[in-house]
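Enquirer: My structure is below; once you've seen it, I'll send some questions.
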Amino acid sequence: MSGPASTPPPSTQPPSTQPPSTQPPSTQPSVTQPPSTQPSATQPPSTQPPSAQPSATQPPSTQPPSAQPSATQPPPTQAIDWEARFREGTTRWERPALHPAFVDWQESGALAPCRILVPGAGRSTEPLALAEAGFAVTALDAAPTAVATQRARLERVHLQARVELADLFAWQPPEPFDAVYDQACLCALPPRLRPDYVARLHAWLRPGGRLFILFMQTGKPDGPPFDCPVATMRPLFDAMHWDWPAALSATLPHPSGVGTEQPAVLARR
């Protein structure tokens, strides 16, 4: 009995070569039936549940659709909370009536009906006057209160105009305009934003289109409104992109006492 016990091949004595302690019966199914065990190792429900992955890659708290930007928050590039200013009444340079330069441009025929953009329209009455005169008007502002005021004013008299709540530094029109009327937008922007804004004015106009603008003259470093001296404006609206008039008209005093305004009509090259 001792001889046969030492010579049999491993196939006749599986317990001696595959003891239960090293390959227990509970692990054999993982070798012969991997489909039942491999998925649990590579795709465990606890590590990649369908409901957990979106929360890790796109958490609602960090990228909500309403946060870019919200209707109550001014665009970050505006740098100034204009909505708060309109609500608090701290926009003392707003004119109660049409700007004298605007009236002169209309009466002289320099500003004739066309497709016109009014950026930073605020609560000015010029968009309404333009619509009444037959212009195809688009008015923009970053403050909901200003936009609501413009829309309500136009609706009362049943006039059509496009009034949009928009970030001026992100908005793009479907096609260039014939004219832009900037009464108080440039002077409302911190000076560091001016180059980008002027580049957008150029892009918004068709070649040969005209910019009707008021350069605020406060003589002070702070704002808004920010000082826009002509000596600084000429290199900003450089000769490669803009044609200046041979002579500028006289400055006009602002009724609020913040300074004077220099009217100018520039042609886009």
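The values are calculated or read from the model by the stated rules, or taken from the named source; none is laboratory data. A quick note: this is a predicted structure, and the numbers were derived from the prediction, not measured. Cβ: placed from backbone, ideal geometry, glycine included. Neighbour counts: every protein chain shown.
Enquirer: Which condition breaks for A188 when tested against (1) at pLDDT below 95; (2) touching a Pro at 6+ places or on another chain (Cβ under 6 Å); (3) over 16 Å from A142 (Cβ atoms)?
Expert: Of the numbered conditions (1) at pLDDT below 95; (2) touching a Pro at 6+ places or on another chain (Cβ under 6 Å); (3) over 16 Å from A142 (Cβ atoms), the odd one out for A188 is (3).
Enquirer: Determine whether segment 175-182 contains at least one residue that is out of contact with any helix residue (DSSP H, G or I) (no Cβ under 9 Å at 6 or more places or on another chain), of a type outside the set (A, V, I, L, M) and either more than 28 Å from A97 (Cβ to Cβ) or part of a loop (DSSP other than H, G, I, E, B) (or both). Please lay out each step first, then the result.
Expert: Pass one, segment 175-182, residues out of contact with any helix residue (DSSP H, G or I) (no Cβ under 9 Å at 6 or more places or on another chain): 175, 178-179.
Now drop any that are not of a type outside the set (A, V, I, L, M), which leaves 175, 178.
Filter once more, so that each one left must be either more than 28 Å from A97 (Cβ to Cβ) or part of a loop (DSSP other than H, G, I, E, B) (or both): 175.
Yes - at least one qualifying residue is present in segment 175-182.
Enquirer: Name the residues in segment 84-138 that are at pLDDT below 95 and of a type in the set (D, E), would you?
Expert: The answer is E88, E94.
Enquirer: On to the next question. Looking at segment 96-119 only, could you name the residues that are hydrophobic (A, V, I, L, M, F, W, C), buried (at least 19 other Cβ atoms within 10 Å of the Cβ) and touching a helix residue (DSSP H, G or I) at 6+ places or on another chain (Cβ under 9 Å)? Full working, then the answer.
Expert: Filtering segment 96-119 for residues hydrophobic (A, V, I, L, M, F, W, C) gives 97-98, 101-103, 105, 110-112, 114, 116-118.
If we keep only those that are buried (at least 19 other Cβ atoms within 10 Å of the Cβ) as well, we get 101-102, 105, 111, 116-118.
Selection gives F102, L111, I116, L117, V118.
Enquirer: Let me ask you something else. G223 - would you say it is in contact with a strand residue (DSSP E or B) (Cβ under 6 Å, 6 or more places away or on another chain) and modelled with pLDDT under 95? Please lay out each step first, then the result.
Expert: Details: in contact with a strand residue (DSSP E or B) (Cβ under 6 Å, 6 or more places away or on another chain): no; modelled with pLDDT under 95: yes.
Taking the combined requirement at face value, the residue does not satisfy it.
Enquirer: Then there's this: For segment 242-269, which residues satisfy the criterion of being within 18 Å of A199 (Cα to Cα) and not in a loop (DSSP other than H, G, I, E, B)? Break it down stepwise before answering.
Expert: First pass over segment 242-269, keeping only residues within 18 Å of A199 (Cα to Cα): 242-244, 264-269.
Passing the criteria: W242, D243, A264, V265, L266, A267, R268.
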